[in-house]
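Working notes, structure below.
The values are calculated or read from the model by the stated rules, or taken from the named source; none is laboratory data. None of these values were measured; they are calculated from a predicted model. Heads up, the Cβs are rebuilt from the backbone with ideal geometry, glycines too, and the neighbour counts pull from every protein chain shown.
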Amino acid sequence: MAEHSEPDLFRLLPSVDELLRIGGVQSLTRRFGHAATVEASRAFLEELRGEIAAGSLDGAQLKAAIDSARQGLERRLQQSLANSLRPVINATGVILHTNLGRAPLSREALRHLGEISQSYSNLEFDLSTGERGKRDVHVSRLFAKLLNTAEREVATIVVNNNAAAVLLALNSLAEGGEVIVSRGELVEIGGSFRIPDVMAKSGAVLREVGTTNRTRLADYESAITDRTKLLLRVHRSNFQIVGFTEQPALEELAALGRKHNIAVMEDLGSGELFDLRQVGVRGEPMIADSLRAGIDVVTYSGDKLLGGPQAGLISGNRGLVAKVRSNPLFRALRVDKMFYAALEATLLAYLREDYDSIPALRMLRVTEEELQHRAEHIARQLRISAPQLEIEVVESRSLLGGGAAPGATLPSRALTVRGGGLSSDEMLRRLRQGATPIIARVEAERVLLDLRTVEPAQDATILTALGSLST
């Protein structure tokens, strides 16, 4: 066969039907489906045609390729039909890493989610009366316990993310009217989400006051007219303004709203139920603090500092939240039973003060001593199993991420790795493309793996992956 000309080689190629009748290939149709196997067979044959045309196959090589068609088709089918969304190990040190899915869910949230999603549930059914109920009750009762104050009762509704919460609240409370916002709070966050654009989509009219760095209470008051429907405070979730700055306290803004009978809303962005001051992080507003200060409505995320599923939460004055809920847009933006199940389990952990059961909070609370111990253990093992690598344990700084507490960091410990004849970029690539992808970062030409965002149960995988690195 090696002496065949190019036209002869093309004639040796089987048709798709002939390829499918090969014994081993027939079994693939039962495993992966007829249509997918046909598609893979066509791609396989087209690849062979390209190699023949390029002169890179002789007769013997072509026969060998056809004889091993089953193995090649199986690999192709496994790749094409595998899940694209995969778990990864986050060794970046960024706890709420947006690109890596933000907050991991707790085991109890996953258990409850599985329990509810695999069967029918009382999502909108009142078991005590036998009549139709509202899905809000499953979490609003818990938010009430976490957020109620002596002065007011708080209502909460859930939509699919905080951007939706802001849009829905603005449309419900201020459509056709003006919303007063400080120029220093006209922020843009990830995905080109800009407050002025959301304001325009909501049907409200933006009224800017103050300057980028200084906005006084008098600026808000002088801008109030009979068209003003809302005063809006926006948390600068992913940047800081420092130096010559000024903004009114929440209590002052709330008092101004009451004076003029205008609702006051705050977009908190991340939203904090756990007091970050316990881990040395200051400046991130707590949801309860905003409500105690007199803010009428707050919006925040479920999958950031809250540590639950992606969701947008709207909490505050019962009458105003009811008005938001009655908006037809609410039905378009609401979440399903799986989100409610995961969120309910997360909130119950807060009520039990079981903070370490929530992965994001556990990562915030882990001590430097524990991180040091784990890092040294991995380093000792690697110095034995992978002597080709240079391993060091170094101090590091972890970020909260997710737009929370910009500029704040937590002391951490990390492994730095180099050597093995690999560049840092090549090492990153191999870690990223392993059986369990490991996402790390590079500092000073060394690969750095921050253990604050690595679960202890993942240390063994880190050890194995690093131990296999070599040219």
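Tabulated results
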read-out: Helices (runs of 4 or more DSSP H) contained entirely in the stretch 31-137, each with at least 1 residues that are modelled with pLDDT of 90 or more and farther than 26 Å from THR156 by Cα; value: 34-53, 69-81
read-out: The one condition in (1) closer than 30 Å to GLN118 by Cα; (2) assigned to a helix (DSSP H, G or I); (3) in contact with a strand residue (DSSP E or B) (Cβ under 6 Å, 6 or more places away or on another chain); (4) not small (Gly, Ala, Ser) that TYR340 fails to fulfil; value: (3)
read-out: Subset tally (residues that are in contact with a Lys or Arg (Cβ under 9 Å, 6 or more places away or on another chain) and at pLDDT 95 or above) for the stretch 374-390; value: 3
read-out: Test: residue in the stretch 345-359 that is closer than 30 Å to VAL158 by Cα, crowded, with 21+ Cβ neighbours inside 10 Å and either β-branched (Val, Ile, Thr) or at pLDDT below 95 (or both); value: yes
read-out: Test: residue in the stretch 228-248 that is at pLDDT 90 or above and of a type in the set (Asp, Glu); value: no
read-out: Looking only at the stretch 266-278, and only at residues there that are touching a helix residue (DSSP H, G or I) at 6+ places or on another chain (Cβ under 7 Å) and modelled with pLDDT under 90, the one that is surrounded by the fewest Cβ atoms within 10 Å (Cβ to Cβ); value: GLU272
read-out: Which listed residue, of SER326, SER385, is of a type in the set (S, T, N, Q) and over 30 Å from GLY269 (Cα atoms); value: SER385
read-out: Residue tally, condition among the β-branched types (Val, Ile, Thr) and in contact with a Ser or Thr (Cβ under 6 Å, 6 or more places away or on another chain), over the stretch 306-343; value: 2
read-out: So ILE157, is it surrounded by 14 or more Cβ atoms within 10 Å (Cβ to Cβ), assigned to a strand (DSSP E or B), free of Cβ contacts under 8 Å to residues at least 60 places away in the same chain and touching a strand residue (DSSP E or B) at 6+ places or on another chain (Cβ under 6 Å); value: no
read-out: Among the residues listed as LEU19, LEU81, the single one being in contact with a helix residue (DSSP H, G or I) (Cβ under 9 Å, 6 or more places away or on another chain), over 30 Å from THR436 (Cβ atoms) and among the aliphatic types (A, V, I, L, M); value: LEU19
read-out: Enumeration of residues in the stretch 361-417 that are of a type outside the set (Asp, Glu), under 30 Å from ASP275 (Cβ atoms) and free of Cβ contacts under 8 Å to residues at least 60 places away in the same chain; value: ARG362, THR367, GLN372, HIS373, VAL394, THR409, PRO411, ARG413
read-out: Qualifying position, being assigned by TED's automatic domain parsing to the domain that holds LEU351, in contact with a helix residue (DSSP H, G or I) (Cβ under 6 Å, 6 or more places away or on another chain) and not aliphatic (A, V, I, L, M), among SER182, SER117; value: SER117
read-out: In the stretch 434-455, the residues that are polar (S, T, N, Q) and modelled with pLDDT under 95; value: THR436
read-out: Any helices (runs of 4 or more DSSP H) falling wholly within the stretch 276-337 and containing at least 2 residues that are within 24 Å of LEU348 (Cα to Cα); value: 287-292, 318-325
read-out: Single match in LEU410, LEU400 (criterion: over 26 Å from LEU466 (Cβ atoms), in a strand (DSSP E or B) and outside the structural domain of PHE274 (by TED's automatic domain parsing)); value: LEU400
read-out: Sole residue being in contact (Cβ under 8 Å) with a residue 60 or more places away in the chain, among the hydrophobic types (A, V, I, L, M, F, W, C) and buried (at least 16 other Cβ atoms within 10 Å of the Cβ), chosen from ALA223, ALA263; value: ALA263
read-out: Test: residue in the stretch 352-361 that is over 24 Å from PRO285 (Cα atoms) and in contact with a Ser or Thr (Cβ under 9 Å, 6 or more places away or on another chain); value: no
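So that you can scan it fast, the table gives a plain yes or no per residue for (1) under 24 Å from the mean Cα position of the chain (by Cα); (2) surrounded by fewer than 23 Cβ atoms within 10 Å (Cβ to Cβ):
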residue: MET286; (1), (2): yes, yes
residue: SER290; (1), (2): no, no
residue: ALA293; (1), (2): no, yes
residue: SER301; (1), (2): yes, no
residue: PHE330; (1), (2): yes, yes
residue: PHE339; (1), (2): yes, yes
